[in-house]
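Some notes on the structure that comes next.
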Amino acid sequence: MGSYSYQSHAQKGILLNANESPYKPAPAILKEIQENITTLDLNRYPDNTYWKLREEYSKLQGLRPEQVLVGNGSDQMLGLFIGNLLGEKKIALSFSKDFSMYDYYISLYGGELVKYPIDPEVPFDLQDWIQTIETIDPDLILFSNPNNPTGLFLEKESIQKILEAFPERKILVDEAYVEFAPESALSLIDRYPNLYVTRTLSKAFGLAGIRLGFLLSDPKNIEWLQQRNVPYSVNRLSEFVALSALKHVDQIEPILKEIIDRRDCFLEFGKQLQKTTLYPSQANFILFRSKQLQAILRKMNEKGIQIRVFPNEDYARITIGSEQEMELAKEVFLEVEREI
Ligand SMILES: Cc1ncc(COP(=O)(O)O)c(C=O)c1O
């Protein structure tokens, strides 16, 4: 049994701590749920192949349903991948920092996680990373792209170089936030059978509550993992809401644009700050470092704003919320600037 335990996050107040969407699902989706709730066969188990969902998601991504597996959030897909592809005492390579659930699952399954340090103040050095992979010789490589929490984004070309350099290694790219970024690595799946990509409806689609995620890879990999997946991991209600959201995907576009614009405005605002540095981000959150972090956290707390803090670090992460929420957050940064 691993030693890493998962920390739940606060769910009261102004929630800028878990990179969720500030908005409820679109009215068209809510209407469809309302109109169909009584006719859903909730007395029946769902279709365990989740074929319809795989068809719809693959269509959206220009893939085939055989290349898609659905799960109870991308978390569950990460657990399935790590649990089946990383044996005990085997080595996985990721970044520091990266998504904490990698630590959780790798420790749970008895593997070892080595972390390649990334610093938002230093440009990412692909060659150095490739050399590190050669030295560490990991059994698998996994990382979020855009990176949570730094916001660092590796272009498709860089990911392709890694896939080319290490064709024998399994490489998982966690694209939980990719809709906020310029491009995805998904199209590489047809050419690189060692590539695995995870996706989610929790972030850009604003459906964290239904717990719906995807694992995308070569059909042989998907079939192999499907056989090892827990049956019925997605319930009928979530399946229905997910299908409805995919049908109304056009509703997501304006929200995405709004969040991206607000993120970029917030970064622009950050340039005037002397005591705090906001780091560029291609996701729906921003990492910031401040000598006055404690004062910022205190003021956030006074205004009921929850953000993500990291124990013993001088940085924190703030999710891009609604306009009003971000105005409140700006006030905090400005008040701290004015303090002597
Ligand atoms: C990088 C990353 N991957 C995966 C997830 C999990 O997403 P899901 O809600 O699909 O389980 C998160 C959630 O915060 C995340 O930050």
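The values are calculated or read from the model by the stated rules, or taken from the named source; none is laboratory data. Bear in mind that the values here come from a model prediction, so they are computed numbers and not experimental data. Every residue, glycine among them, receives a Cβ derived from its backbone with ideal geometry; neighbour counts consider all protein chains shown. All accessible areas refer to the heavy atoms of the entire protein, side chains included, with ligands and DNA or RNA removed. Shrake-Rupley method; radii C 1.70, N 1.55, O 1.52, S 1.80 Å.
Points worth noting:
- Of the set (1) touching a residue at least 12 places away in the same chain (Cβ under 8 Å); (2) within 16 Å of the ligand (Cβ to nearest atom); (3) under 14 Å from Ile33 (Cβ atoms); (4) not hydrophobic (A, V, I, L, M, F, W, C), all apply to Tyr196 but (3).
- Residue within segment 145-160 that is in a strand (DSSP E or B), open to solvent by less than 40 Å² (accessible area, probe 1.4 Å) and modelled with pLDDT of 95 or more present: no
- Among (1) touching a strand residue (DSSP E or B) at 6+ places or on another chain (Cβ under 7 Å); (2) without any contact (Cβ under 8 Å) to a residue 60 or more places away in the chain; (3) away from the ligand (no atom under 16 Å from the Cβ) - the single one Ile189 does not satisfy: (2)
- Evaluating Asp75 against the criteria (1) within 22 Å of Tyr232 (Cα to Cα); (2) outside any helix (DSSP H, G or I); (3) among the acidic types (Asp, Glu) leaves one unmet condition, (2).
- Identity of the residue in segment 66-81, among the polar types (S, T, N, Q) and either over 7 Å from Gly213 (Cα atoms) or without any contact (Cβ under 8 Å) to a residue 24 or more places away in the chain (or both), that ends up most open to solvent (accessible area, probe 1.4 Å): Gln76
- Against the conditions (1) open to solvent by less than 10 Å² (accessible area, probe 1.4 Å); (2) more than 19 Å from Asn147 (Cα to Cα), Ile252 satisfies every one except (1).
- Failed item, numbered, when Tyr232 is tested on (1) open to solvent by less than 60 Å² (accessible area, probe 1.4 Å); (2) out of contact with any helix residue (DSSP H, G or I) (no Cβ under 9 Å at 6 or more places or on another chain): (1)
- Test for Ser244: is it open to solvent by less than 30 Å² (accessible area, probe 1.4 Å), within 16 Å of the ligand (Cβ to nearest atom), in contact (Cβ under 8 Å) with a residue 24 or more places away in the chain and hydroxyl-bearing (Ser, Thr, Tyr): no
- For segment 51-105, filtering for residues that are of a type in the set (Gly, Ala, Ser), in contact with a strand residue (DSSP E or B) (Cβ under 8 Å, 6 or more places away or on another chain) and more than 10 Å from the ligand (Cβ to nearest atom) leaves 4.
- Test set (1) in contact (Cβ under 8 Å) with a residue 24 or more places away in the chain; (2) surrounded by 15 or more Cβ atoms within 10 Å (Cβ to Cβ); (3) out of contact with any Lys or Arg (no Cβ under 7 Å at 6 or more places or on another chain) - Leu297 fails condition number: (1)
- For segment 27-50, the condition of being within 16 Å of the ligand (Cβ to nearest atom) and either surrounded by 13 or more Cβ atoms within 10 Å (Cβ to Cβ) or acidic (Asp, Glu) (or both) holds for at least one residue.
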